[in-house]
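Here the structure comes first, spelled out in structure tokens, and everything after it is commentary.
The values are calculated or read from the model by the stated rules, or taken from the named source; none is laboratory data. In this text the structure is predicted, and so the values were computed from the model without any measurement. FYI the Cβ positions are ideal-geometry reconstructions off the backbone, even for glycines, and counts take in every protein chain you see.
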Amino acid sequence: MPNIIIKNLSKTFGHVKALIKVNLEIQDQEYVGILGPSGCGKTTLINCITGIVEPDEGSEILIDGRNIIDLPIEDRGFAMVFQSITLFPHMTIKENVEFPSRMTEVSKEEIDKRTIKALELVNILAEKNLYPRQLSSGAQQAAAVARAIAKGSKLLILDEPISALDAKVRTDLRYRIRSLVKDLGLTAIHITHDQQECLSISDRVVLMKNGRIHEINTPKNMYEYPNSLFTLNFVGETNFIEGYISDKFDGSVQLKLRNDVTLKMKNQENKNIGEPLVLAVRPENVRISRRKSGEESIKGKIIDSRFAGSFYRLQIRLRTDDIILADFKGPLKLNTLVYVSFDPLRTQLFPVPEDGLMEEISLE
């Protein structure tokens, strides 16, 4: 069973540092999502694991305690599903699924058994004698997943496997893939740039930035209690308001914001007076009222209201001149005056970054 340990994994292409001393441990039967903006290093990470790219000297990739750095690709014991659908057009679905196993010493009877089981698991056994062109794109990618499963590997690597599919098909297939991985007791590494996809299927999420691992967390904690402003900005949507601590009292602090606006915040007594901070709160944790709620609310005006399915997404210009997003159960007319407060258990205060807020949350 594959337990994977990556130590000091680095890779430089000319002057570009694609990976910088990456350290990561993946447990047996764990489903790990690798998330990050374009160019963060997640594809290079996978290419080093699979042997497509040779890492820099001093790097180690251990699978069950064995360093696989010098092993050829075919001996590394993984199966892979790619972003592009890589089925052979001249072969039937069944022939495609059984093809990798034909390159091994597995008996024909065992290959047939694995192939039928894999096709059943992804629910396309009835289409086994059809050609890829006769199937929808979702069914074709399901066949690619079946091919990976039929290979018999315990490590499954998925590189943007469903990003090219329609939204409804993506949603269905991602849950089917996770269910298969868990039912079969596989270890999975899933590369994606889709935050919702990554949160919904992973046991743990690895967020990368500029060639490094920026944060590792459970999906729930990464969304609700992230460790950084970058994570808040990349994983979901977040409002940011800058200010500083102007007073402390009774387990609460007073924030001084722009335009001499003050805001009382509970459960933040560990902050120091004069400390510059960034208030971070997600749109669903913004509270809206037509009446002022003491020192814990800020006056604002509705400048936009958009239907978003189960809620309305509002844009509100605060007295501070900050424009924030808020989710509300119903529409509000433009120019309506409201009072905004923030759920104290879902609001975080971060030190202002040395290089500035915008530099810190930049995806470049």
key: Candidate set: the stretch 306-364, residues that are more than 18 Å from Glu237 (Cα to Cα) and of a type in the set (Asp, Glu); chosen: the one surrounded by the fewest Cβ atoms within 10 Å (Cβ to Cβ)   = Glu354
remark   = The correct count of residues that are crowded, with 20+ Cβ neighbours inside 10 Å and touching a Pro at 6+ places or on another chain (Cβ under 8 Å) in the stretch 193-204 is 2
note = Of the listed residues (Ala146, Ala142, Ala150), the one being under 25 Å from Ile201 (Cα atoms), among the small types (Gly, Ala, Ser), without any contact (Cβ under 8 Å) to a residue 40 or more places away in the chain and crowded, with 19+ Cβ neighbours inside 10 Å is Ala142
ask   = Looking at Arg133, is it more than 24 Å from Phe78 (Cβ to Cβ), part of a helix (DSSP H, G or I) and modelled with pLDDT of 90 or more?
value = yes
ask   = in contact with a Ser or Thr (Cβ under 8 Å, 6 or more places away or on another chain) and without any contact (Cβ under 8 Å) to a residue 24 or more places away in the chain: does that describe Tyr339?
value = no
query = Is it the case that the stretch 270-280 has a residue that's surrounded by 14 or more Cβ atoms within 10 Å (Cβ to Cβ), polar (S, T, N, Q) and under 33 Å from the mean Cα position of the chain (by Cα)?
reply = no
ask   = Is it the case that the stretch 71-79 has a residue that's in a strand (DSSP E or B), in the same structural domain as Met222 (by TED's automatic domain parsing) and either more than 19 Å from Glu215 (Cβ to Cβ) or over 24 Å from the mean Cα position of the chain (by Cα) (or both)?
value = yes
ask   = Does any residue of the stretch 41-64 turn out to be crowded, with 16+ Cβ neighbours inside 10 Å, under 22 Å from the mean Cα position of the chain (by Cα), assigned by TED's automatic domain parsing to the domain that holds Asp194 and over 24 Å from Arg147 (Cα atoms)?
value = yes
ask   = Yes or no: Ile116 within 27 Å of the chain's Cα centre (by Cα) and in a helix (DSSP H, G or I)?
value = no
key: Those residues of the stretch 1-58 which are in a helix (DSSP H, G or I) and touching a residue at least 12 places away in the same chain (Cβ under 8 Å), in sequence order   = Lys42, Thr43, Thr44, Leu45, Ile46, Cys48, Ile49, Thr50
